[in-house]
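Trainee: Have a look at this one before I ask anything.
Every number in this text was worked out from the coordinates using simple rules, so none of it is lab data. Everything quoted here is computed from the prediction, not taken from an experiment. Here the Cβ is made from the backbone with ideal geometry for all residues, glycine too, and neighbour counts use every protein chain on show.
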Amino acid sequence: MQAPALRHTVVFRLKHSRGSAAERDFLATARQLARIPGVERFEQLRQTSPKNAFTFGFSMEFADAAAYQRYSADPLHVSFVNERWLPEVAEFMEIDYEPLA
């Protein structure tokens, strides 16, 4: 199996209370991002370390940079960012990786 060319990750903290219906709804809606063509290995993660204030993470892989660019421009992604991410995320950090070897 060939390693992905790009891994897109984001860690974040929501404005919603932990365990709230709003938190659950946000995460349920975000799972739809996995349906966008080119997305591989989509994961939602709960951050457990006390070393930072982020509470969740998303991780996904793409075969190449072009697949990632198509994901970024996909109407489902754009809609999610504008309608859910921007109003509901308090703080985030995005990191995109490429394998060294």
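Trainee: Answer yes or no: is there a residue in region 43-55 that is under 16 Å from GLU94 (Cα atoms), part of a loop (DSSP other than H, G, I, E, B), out of contact with any helix residue (DSSP H, G or I) (no Cβ under 7 Å at 6 or more places or on another chain) and hydroxyl-bearing (Ser, Thr, Tyr).
Mentor: Applying the first criterion (under 16 Å from GLU94 (Cα atoms)) to region 43-55 yields 43-47, 52-55.
Checking which are part of a loop (DSSP other than H, G, I, E, B) leaves us with 47, 52-55.
Subsequent filtering for residues that are out of contact with any helix residue (DSSP H, G or I) (no Cβ under 7 Å at 6 or more places or on another chain) retains 47, 52-55.
Now drop any that are not hydroxyl-bearing (Ser, Thr, Tyr), which leaves 55.
Yes: region 43-55 contains one or more residues that are under 16 Å from GLU94 (Cα atoms), part of a loop (DSSP other than H, G, I, E, B), out of contact with any helix residue (DSSP H, G or I) (no Cβ under 7 Å at 6 or more places or on another chain) and hydroxyl-bearing (Ser, Thr, Tyr).
Trainee: Quick check: anything in region 82-92 of a type in the set (A, V, I, L, M), in contact with a strand residue (DSSP E or B) (Cβ under 6 Å, 6 or more places away or on another chain) and within 18 Å of PHE26 (Cα to Cα)?
Mentor: Taking every residue of region 82-92 in turn, at least one turns out to be of a type in the set (A, V, I, L, M), in contact with a strand residue (DSSP E or B) (Cβ under 6 Å, 6 or more places away or on another chain) and within 18 Å of PHE26 (Cα to Cα).
Trainee: Tell me, which residue of region 32-81 that is among the basic types (Lys, Arg) and in contact with a strand residue (DSSP E or B) (Cβ under 7 Å, 6 or more places away or on another chain) is farthest from LEU6 (Cα to Cα)? I'd like the intermediate steps shown before the answer.
Mentor: First, pick out the residues of region 32-81 that are among the basic types (Lys, Arg): 35, 41, 46, 51, 70.
From what's left, in contact with a strand residue (DSSP E or B) (Cβ under 7 Å, 6 or more places away or on another chain): 41, 46.
Values: ARG41: 12, ARG46: 22 Å.
Only one residue tops the list, namely ARG46.
Trainee: Is it the case, given these coordinates, that THR29 is assigned to a strand (DSSP E or B) and either hydroxyl-bearing (Ser, Thr, Tyr) or under 16 Å from PRO87 (Cβ atoms) (or both)?
Mentor: Values: assigned to a strand (DSSP E or B): no; either hydroxyl-bearing (Ser, Thr, Tyr) or under 16 Å from PRO87 (Cβ atoms) (or both): yes.
Here the answer is no, as THR29 does not meet what is asked.
Trainee: Oh, and also: Would you check if ALA101 is loosely packed, with under 13 Cβ neighbours inside 10 Å, farther than 20 Å from ARG31 by Cα and among the hydrophobic types (A, V, I, L, M, F, W, C)?
Mentor: Working: loosely packed, with under 13 Cβ neighbours inside 10 Å: yes; farther than 20 Å from ARG31 by Cα: yes; among the hydrophobic types (A, V, I, L, M, F, W, C): yes.
In short, yes.
Trainee: Among GLY19, GLY57, GLY38, which is at positive phi and surrounded by 11 or more Cβ atoms within 10 Å (Cβ to Cβ)? Lay out the reasoning, then the answer.
Mentor: Working: GLY19 fails: surrounded by 11 or more Cβ atoms within 10 Å (Cβ to Cβ); GLY57 fails: at positive phi.
Answer to the check: GLY38.
Trainee: So, one more: Among the candidates ALA63, ALA30, ALA67, single out the residue that is in contact with a Gly (Cβ under 6 Å, 6 or more places away or on another chain), surrounded by 13 or more Cβ atoms within 10 Å (Cβ to Cβ) and in contact (Cβ under 8 Å) with a residue 24 or more places away in the chain.
Mentor: After applying the criteria, what remains is ALA67.
Trainee: Looking only at region 81-101, which residues are more than 16 Å from THR9 (Cβ to Cβ) and either touching a helix residue (DSSP H, G or I) at 6+ places or on another chain (Cβ under 9 Å) or assigned to a helix (DSSP H, G or I) (or both)?
Mentor: ASN82, GLU83, ARG84, LEU86, PRO87, GLU88
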